[in-house]
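A.B. asks: Questions regarding the structure given below will be posed in turn.
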Amino acid sequence: MSLELISHPSLSERTSLGLGGTAEVEVVVRNEHDLDELSEFLTTRTLRPFVIGEGTNLLVSDTPLDMALIRIDASHGPKRVEKIDDKLIVGCSADQRLPGLLGWAQKAGLTGMEGLTGIPGSVGGGIAMNAGSYGTEIKDVLHRIRIWTPGAGLIWVDASDCEFGYRHFSCPVVPGKGLIWEAEFILSESTPRKVQAGMKDVYSKKRATQPVTARSAGCVFKNPPDKSAGLLLDQAGMKGVTLGGMGFSDIHANFLVNHGGGTAVEALELLDQARAAVLKRFDVTLETEVIVL
């Protein structure tokens with residue numbers, strides 16, 4: 001077997017919150033041949049598989065997990081694929097970091113993704129969560145994805161055949177849950193200067209309203225319909241509340257921050273406190289946006 005297997009990988013070293021115990025194993029997939037071996041691996045193990053990207057939207061238990069982390073390390077792209085009228089198709093592997101893709105598009109003078117500036121993580125993770133900000137969601141520029149399942153192998157699927165919602169993605173045409181292997185985006189031609197100006201504008205707004213340099217996992221709660229989770233948390237008195245090494249940011253109440261030495265137990269307790277405070281004051285039940293393992 002040529003798959004790289006890493007025994008007992010540390011989740012605290014693989015997540016932006018810096019929390020988590022160990023998984024049973026991490027499986028590193030680098031090419032399509034490895035996917036064939038991955039299928040065999042998954043059928044012979046009873047471990048729960050979980051695809052991990054950059055770990056920027058995860059809150060992981062401090063205890064050992066009976067999981068097989070699956071990590072793509074294909075390093076393919078970004079690259080121009082084809083031109084359709086005045087649009088350019090750009091492709092990359094799912095492990096491509098989203099900020100790196102935006103930086104490449106800026107230098108190439110390609111517009112359409114500026115609203116995603118400042119969002120960390122990988123392309124695959126961004127698609128899986130339909131990442132978005134400032135009026136732009138990743139679905140808006142997605143052309144198609146190449147998705148893998150043990151039974152069907154690798155299949156190209158048009159974005160129009162996928163279902164997207166608020167921090168939600170599914171692919172009904174593919175049986176079962178699949179692994180996003182690569183993606184193509186459809187962008188428009190502009191100039192590097194104009195794209196850079198748009199990205200700077202978005203980033204400056206984020207710096208003024210979000211703890212962009214703190215150790216966090218982004219927004220921890222989804223926005224309820226027609227409401228801001230951050231505003232509800234702020235008005236419920238949760239902004240700046242701390243417990244041990246964890247706390248809600250004093251810049252944006254919907255960001256949970258590891259101030260140093262925080263634990264998942266502290267983080268989960270703070271989430272429970274926040275839910276209770278918002279429910280008591282506004283009769284609104286908050287749902288987590290961050291994935292809890």
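A.B. asks: Residue 142: over 23 Å from residue 71 (Cα atoms) and at pLDDT 95 or above, yes or no?
C.D. replies: In short, no.
A.B. asks: Which of the residues spanning the range 250-287 are among the polar types (S, T, N, Q) and either crowded, with 18+ Cβ neighbours inside 10 Å or modelled with pLDDT under 95 (or both)?
C.D. replies: 254, 258, 263
A.B. asks: Condition first: assigned to a loop (DSSP other than H, G, I, E, B) and touching a Phe, Trp or Tyr at 6+ places or on another chain (Cβ under 9 Å). Now tell me which residues in the range 226-259 satisfy that.
C.D. replies: 227, 236, 238, 239, 240, 241, 249, 254
A.B. asks: Okay, moving on. Can you work out which of the residues in the range 53-79 that are charged (D, E, K, R) and within 27 Å of residue 40 (Cα to Cα) is surrounded by the fewest Cβ atoms within 10 Å (Cβ to Cβ)?
C.D. replies: Applying the filter and picking the extreme gives 66.
A.B. asks: Of the residues that sit in the range 1-42 and are hydroxyl-bearing (Ser, Thr, Tyr) and in contact with a Pro (Cβ under 7 Å, 6 or more places away or on another chain), which one is surrounded by the fewest Cβ atoms within 10 Å (Cβ to Cβ)?
C.D. replies: Step by step, filter the range 1-42, then rank; the result is 39.
A.B. asks: Please name all residue pairs, on different chains or six or more residues apart, with Cβ atoms under 6 Å, provided the first residue is in the range 238-264 and is over 20 Å from residue 21 (Cβ atoms) and aromatic (Phe, Trp, Tyr) and the second residue is assigned to a loop (DSSP other than H, G, I, E, B) and at pLDDT below 95.
C.D. replies: 255/211
This table checks each residue for (1) buried (at least 22 other Cβ atoms within 10 Å of the Cβ); (2) in contact with an Asp or Glu (Cβ under 7 Å, 6 or more places away or on another chain); (3) assigned to a helix (DSSP H, G or I).
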residue	(1), (2), (3)
103	no, no, yes
126	yes, no, yes
130	no, yes, no
139	no, no, yes
146	no, yes, no
151	no, no, no
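A.B. asks: Okay, next question. Which of the residues belonging to the range 43-52 are surrounded by fewer than 19 Cβ atoms within 10 Å (Cβ to Cβ) and either in contact (Cβ under 8 Å) with a residue 12 or more places away in the chain or in a loop (DSSP other than H, G, I, E, B) (or both)?
C.D. replies: Answer for the range 43-52, where residues must be surrounded by fewer than 19 Cβ atoms within 10 Å (Cβ to Cβ) and either in contact (Cβ under 8 Å) with a residue 12 or more places away in the chain or in a loop (DSSP other than H, G, I, E, B) (or both): 43, 45, 46, 47, 48, 49, 50.
A.B. asks: For the range 213-235, how many residues meet the condition of being surrounded by fewer than 18 Cβ atoms within 10 Å (Cβ to Cβ) and either assigned by TED's automatic domain parsing to the domain that holds residue 144 or free of Cβ contacts under 8 Å to residues at least 60 places away in the same chain (or both)?
C.D. replies: 9
A.B. asks: Residue pairs, Cβ under 6 Å, 6 or more apart or interchain, first in the range 110-124 and closer than 18 Å to residue 80 by Cα and hydrophobic (A, V, I, L, M, F, W, C), second at pLDDT 95 or above and assigned to a loop (DSSP other than H, G, I, E, B). List them.
C.D. replies: From residues that are closer than 18 Å to residue 80 by Cα and hydrophobic (A, V, I, L, M, F, W, C), the pairs are 113/141; 123/94; 123/96.
To keep it simple, each residue is scored yes or no on (1) closer than 27 Å to residue 259 by Cα; (2) under 19 Å from the mean Cα position of the chain (by Cα); (3) assigned to a strand (DSSP E or B).
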{"residue": "13", "(1), (2), (3)": "yes, yes, no"}
{"residue": "16", "(1), (2), (3)": "yes, yes, no"}
{"residue": "36", "(1), (2), (3)": "no, no, no"}
{"residue": "40", "(1), (2), (3)": "no, no, no"}
{"residue": "54", "(1), (2), (3)": "yes, yes, no"}
{"residue": "66", "(1), (2), (3)": "no, no, yes"}
{"residue": "75", "(1), (2), (3)": "no, yes, no"}
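A.B. asks: Continuing with this model, one more query. Can you go through 174, 202, 157 and tell me which one is part of a loop (DSSP other than H, G, I, E, B), within 22 Å of the chain's Cα centre (by Cα) and either outside the structural domain of residue 49 (by TED's automatic domain parsing) or under 30 Å from residue 85 (Cα atoms) (or both)?
C.D. replies: 174
A.B. asks: Restricting attention to the range 276-293, which residues are assigned to a helix (DSSP H, G or I), touching a residue at least 24 places away in the same chain (Cβ under 8 Å) and not small (Gly, Ala, Ser)?
C.D. replies: 278, 280, 281, 282
The values are calculated or read from the model by the stated rules, or taken from the named source; none is laboratory data. Since the model is a prediction, treat every value here as computed from it, not as a measurement. Here Cβ is always computed from backbone atoms with ideal geometry, including for glycine, and neighbour counts include all displayed protein chains.
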